[in-house]
Each structure stands twice: as structure tokens, then as C-alpha cells.
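Some notes on the structure that comes next.
The values are calculated or read from the model by the stated rules, or taken from the named source; none is laboratory data. Computed from a predicted structure; not experimentally measured. Reconstructed Cβ throughout: ideal geometry from the backbone, glycine too, with neighbour counts over all protein chains shown.
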Amino acid sequence: MIIRNPAVLVLEGDAPPPQMASIRALAEVRHTRAADLAESLPGAEVLFLWDFWSDAVAAAWPAADALRWVHIASAGVDRLLFPELVAGDVVVTNSRGIFDEPIAEYVLGLVLCFAKDLHTTLRLQGGRAWRHRETERVTGARALVVGTGPIGRAIGRRLAAAGLTVGGLGRSGRTADPDLGDIRPFAELPEALAEADYVVLAAPLTDLTRDMIDAEALARMRPTARLINIGRGQLVVEKALVEALEDGRIAGAGLDVFATEPLAESSPLWELPNVIVSPHMSGDAAGWRDSLVELFTDNLARYRDGRALRNVVDKHLGYVARGT
């Protein structure tokens, strides 16, 4: 069924999306902010969540009298999948594919930074201190990628190309995966942690993964291992991580996501010499906003033409269904 000029509501953040002309050419477009979402939702068939951090959708949901499709400008959907949306017929799509390779490059950069002790070099340079040190090889180091979705797979390919031995952890186990080698089921997390030099968290936030890296999990890791988190901050119990880092029970952490963002100035993570903190930017390579709009525009054209949408999310599992 062809849908002419569908009513699209754009939930803006600090600024509207770029390239809005491409969207206006396909639809009747209105804009709103989180505070006005409930007032703006009536009559909208499509909701484009440009402000993907907003929690306003759940509260405004009773006003969604014509909504058929929600698209979020992020790969993660954990903030969006509230019970009423999951139970209903509204289709959810996400922005899978935009961030995969930039995040994989970022993770490789963190691995190299730790192995070559570049963060210490920069700190010493700031103090004009000449201190010779030995560094580590990445070739042959073992990386465990937790999460077997597109981002985890991109990370696996990138690390393997750099010479690391890569394994994965997912909902189910299998061997000889082309991107992640041998994938263990989630129940084998303790054993997998004990074998890894780098533990990379790329899993979505679900009931299964929330707080998965707690004190017990950290105790399973090698004292020479590093933890890298580009998934969600809530995958890690931050207090337990700080204690493990301070006590030298693991060697370091590269953290791009946190339970509360921005990270509080009082957090000890800022001061720990074996921690690299970045402000949730691992996937934001130049041009990412344009790419997000291009993906939505392509899906909007598909919606108008009655074709299958890209990146349809299985709302009950919180991941992108295969084959979409």
C-alpha cells in the first residue's frame, strides 16, 4: 500500500536534524521537543526520535492515536522499549550500521593505546618527564567481545586484522564464526573472562546483561587484563570496577559509556592513571548526523511505498531481527 505524505513528527534535541529537505520531500513534517511531545503526537503516523536520549515517549504514549512506526537515531533501543510499546503493533527501527566501523576503530585505538602505554606517554610528556618503558604486543593477545550484533562483529573483525585472537560471547554458543571465532553462551561468562587479555563490552542493555560485570566477574579477570566498554554504562557495576582498578586486580579500563552521563566530576574514574575516559563518542565519526538522516530518509521512502523497512527491531528481545 502506497502512503502519500505520511505525517512525521521529529522529536528534536538541542538542534534539528540536518538535511531536513530530504525528509520534507517525502512527508508532512512537524517538529517538537520532549516537553511538548504529548501535545504534538496526535495524528502522527511516524515518530523520528532524533533526541534518542529522551525518556519522553513513554509518558506521552497515550496521545499516540495514529502512530504506526518509531525510528530512533541510535543503535541502542533500551531507553525506548517500555511495556506499552513492546505490547503494541507499532514498528520500531533503529540506526544499525551507522556506528559499527567507527566504534570498531575506536576499540582498536584503545587496545593499541593500552598495549603501547600511550596514555602514560602523554601524561609524562605533559610533565616533561623522560621515562623509558617497555610495551606490549597486541599480536597473539586474546580479546573477548561480549555481544554478537553488528557492532560486536565489526570489533571482532578489526581486532583480528590487528593480530589479536578473538572470541565472542552471546545468547548461544557456536564455533568458527567468521567474525568472532568461537562464541560461548552467556552462561560461560566466568570462564571466558578468565582467558581474556581484553574484554570488550558491546552487548545491548537487557535484563540479562545489566550489571554483568560486577565484583565477581571482575575477580575472574586476569590482573593484566583491560576492560573496554562501548555498550552501555549499566553493563558494569562502577563501584566494583573502581575498587578493582584501585587494588590492581585488573590492569586498566577504557570507558566510553557510564551509568550516569555526563560522568560526575567527583568520580574517581577521572583520576585513575590506568583508566581512559571518553564522553560517549566512540561511534561519532565526522558525518554521522548526515548518515543518520540518510538512513531514516531511505526508510521513509520504503514506508511510503509499502516496502519492508530496514533495521526492524524485535521488541521482545531488544535486538535487530535477522534478515532486516
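Numerical summary
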quantity: Scan of the stretch 136-191 for residues that are more than 26 Å from PRO223 (Cβ to Cβ) and among the small types (Gly, Ala, Ser), ordered by number; calculated: GLY149, ALA154, ALA161, GLY170, SER172, GLY173, ALA176
quantity: Extreme residue, farthest from GLY97 (Cα to Cα), among residues of the stretch 157-177 that are in contact (Cβ under 8 Å) with a residue 40 or more places away in the chain and outside any loop (DSSP other than H, G, I, E, B); calculated: LEU159
quantity: From THR224, THR206, residue being at pLDDT below 95 and either assigned to a loop (DSSP other than H, G, I, E, B) or surrounded by 23 or more Cβ atoms within 10 Å (Cβ to Cβ) (or both); calculated: THR206
quantity: Which numbered condition ALA286 fails, given (1) surrounded by fewer than 16 Cβ atoms within 10 Å (Cβ to Cβ); (2) in contact (Cβ under 8 Å) with a residue 24 or more places away in the chain; (3) of a type in the set (Gly, Ala, Ser); calculated: (2)
quantity: Residue match in the stretch 90-112 (condition: part of a strand (DSSP E or B) and more than 16 Å from the chain's Cα centre (by Cα)); calculated: yes
quantity: Flag for ARG79 being in contact with a helix residue (DSSP H, G or I) (Cβ under 7 Å, 6 or more places away or on another chain), basic (Lys, Arg) and crowded, with 17+ Cβ neighbours inside 10 Å; calculated: no
quantity: Selected residue (criterion: nearest to the chain's Cα centre (by Cα)) from residues of the stretch 117-135 that are outside any helix (DSSP H, G or I) and surrounded by 12 or more Cβ atoms within 10 Å (Cβ to Cβ); calculated: ASP117
quantity: Single residue of the stretch 178-196 satisfying the filter (part of a strand (DSSP E or B) and without any contact (Cβ under 8 Å) to a residue 24 or more places away in the chain) that is surrounded by the most Cβ atoms within 10 Å (Cβ to Cβ); calculated: ARG184
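For every residue, the table says whether it meets (1) hydroxyl-bearing (Ser, Thr, Tyr); (2) surrounded by 19 or more Cβ atoms within 10 Å (Cβ to Cβ); (3) touching a Pro at 6+ places or on another chain (Cβ under 8 Å).
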position: GLY231; (1), (2), (3): no, yes, yes
position: LEU263; (1), (2), (3): no, yes, yes
position: SER267; (1), (2), (3): yes, no, no
position: PRO273; (1), (2), (3): no, no, no
position: ILE276; (1), (2), (3): no, yes, no
